[in-house]
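The values are calculated or read from the model by the stated rules, or taken from the named source; none is laboratory data. Computed from a prediction, not measured in an experiment: that's the story for all the values here. Neighbour counts are summed over all protein chains in view; Cβ atoms, including those assigned to glycine, are modelled from backbone coordinates with ideal geometry. Calculation scope for accessible area: heavy atoms of the full protein, side chains included, ligands and nucleic acids excluded. Shrake-Rupley method; radii C 1.70, N 1.55, O 1.52, S 1.80 Å.
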There are 2 protein chains.
Amino acid sequence: MRADARRNRLKVIGAAQVVFSEHGPDARMEEVAEKAGVAVGTLYRHFPNKEALLGALIADRLGHVIEVARDVLDRDVEPWEAFSRVMRRLTGIAHEDRAFAHVVPLLGDEGELGEAKRTVGGLLEELVHKAQEAGKMRPDVGAEDLPPLFMGMVLATPPGFSPARQERYVQIILDGLRHRGAHEPG
Amino acid sequence: MRADARRNRLKVIGAAQVVFSEHGPDARMEEVAEKAGVAVGTLYRHFPNKEALLGALIADRLGHVIEVARDVLDRDVEPWEAFSRVMRRLTGIAHEDRAFAHVVPLLGDEGELGEAKRTVGGLLEELVHKAQEAGKMRPDVGAEDLPPLFMGMVLATPPGFSPARQERYVQIILDGLRHRGAHEPG
DNA sequence: CAGTATACTGAATTGGAGTTCATTTTAGTG
DNA sequence: CACTAAAATGAACTCCAATTCAGTATACTG
């Protein structure tokens, strides 16, 4: 791959990250190109279409979630704490990236994105299971319930609202997921 | 107003309700016309544009929420019960109407819709306040927090999922809003 | 320092959806 | 039963964003 191509690819990804984060999946390709300092055609040299570009970004962000999840699982963090830490990370990313919040809850399972999603799904299942075994989480919840609850809240919130409010919402949902009677700590 | 006009207006509203409920605010005007058994031009004889048509529908549904809220307040239903009943209604409507779930959380406050929203907002405030006074609801919540939490959950959920699941999610969020220590009943 | 494959450019193409409006149809009236 | 104002029709128009591709520029190679 030519050096300028590699350079441009990075510029495109960086710009796309910013633009999609702000405007969600409906951001215009022209705007991405502009912010990258590149012509639209160049976007299409690196990604077959808009969906692929967006998919690559989301997969990348899901990678961060996977990382945190693996970390807390490896280090045997206390189950509820582990679970809430991962959910905070997931929500934090969504808060900074509207496209992420839009795309993640939807099921579509193709390509790179599909794999990332399945991995996240598996890890969430493990986290939920452990929290339930420890008696900390209500038993009638599954991993598939988490995206609607946590991503939804971000979606239905005006862009750029305060992180404090976001944090409060996360806390409310976490409390709701807690096993009744297991209250007190975080 | 001519009889056929009145008849068509009803057909249009009925069709729009179905189509927007299913596809959300992005439903096509052509599809509404088709389902109404009418030409597109007719839609525009009755409503200046898509937004106005959609707004009329939403305002109508908000009317139902207002009705329930007024009812429970008038009849002095126990505060937490009153609050949760209204939220169940709100979520139930959103569940059947994706457009509703999309539009309601956004702030825009013009025309008929704006007024309906402000009314709902006022009633929710009253409900929240009473629930908090009774010590049943966490004190760090306001009426403006409810749409993101409840509508968001619907938004981030695949269309046409089971009412039971929906009900479970509502329960989780309600539990999260409960004042710690006020647990036990519904 | 050619030569060439690779990459970039941006104007043109495509397609989809909202909206308009000249024409046609129809409900109500005297 | 005309007659006319109201209403309906649907093809055409407009706008906007994704995508393409012929022409141009540029990085690597020997």
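Quick notes on this structure:
- Taking every residue in B:168-177 and counting other chain Cβ atoms within 10 Å of its Cβ, the average works out to 6.
- Carbon-plus-sulfur accessible fraction, the range B:1-47 (probe radius 1.4 Å, protein heavy atoms only): 50%.
- All other residues whose Cβ lies under 11 angstrom from that of B:D71 are scored, Lys and Arg at +1 and Asp and Glu at -1, for a net of +1.
- Partner lysines for B:K35 [C-alpha distance under 23 Å; skip if fewer than 8 residues away on the same chain]: B:K11, B:K50
- Treating r as the C-beta distance of B:R45 and A:D26 and R0 as 35 Å, the FRET efficiency rounds to 0.70.
- Euclidean distance between Cα centres, the range B:163-182 to the range A:60-122, Å: 23
- Ellipsoid semi-axes for the protein assembly as shown, based on the Cα gyration tensor and the rule √(5λ), read 35, 33, 16 Å when sorted largest first.
- Taking the label point 7 Å along Cα→Cβ, B:S162 and its counterparts in the other copies are spaced 4.1 nm apart, in ascending order.
- Taken residue by residue and averaged, Cβ atoms of other chains lying within 10 Å of the Cβ of B:150-163 number 5.
- CD proxy at 222 nm, helix term only [per DSSP H run n ≥ 4: -39500 (n - 2.57); per residue of chain A; nearest 500]: -23500 deg cm²/dmol
- For A:I66, inter-copy separations between label points set 7 Å beyond Cα along the Cβ vector come to 5.1 nm, shortest first.
- Label point 7 Å beyond Cα along the C-beta direction, distances from A:R45 to other copies (nm, shortest first): 5.5
- In degrees, nearest ten, helix A:79-96 long axis to first principal axis of chain A (Cα): 30
- Projected label distance in nm at B:R89 and B:Q171, using a 7 Å step from Cα toward the beta-carbon: 2.2
- Environment charge at A:A59 (Cβ cut-off 9 Å; Lys +1, Arg +1, Asp -1, Glu -1): -1
- Area hidden from solvent between A and B (accessible, protein heavy atoms only, 1.4 Å, total, Å²): 2400
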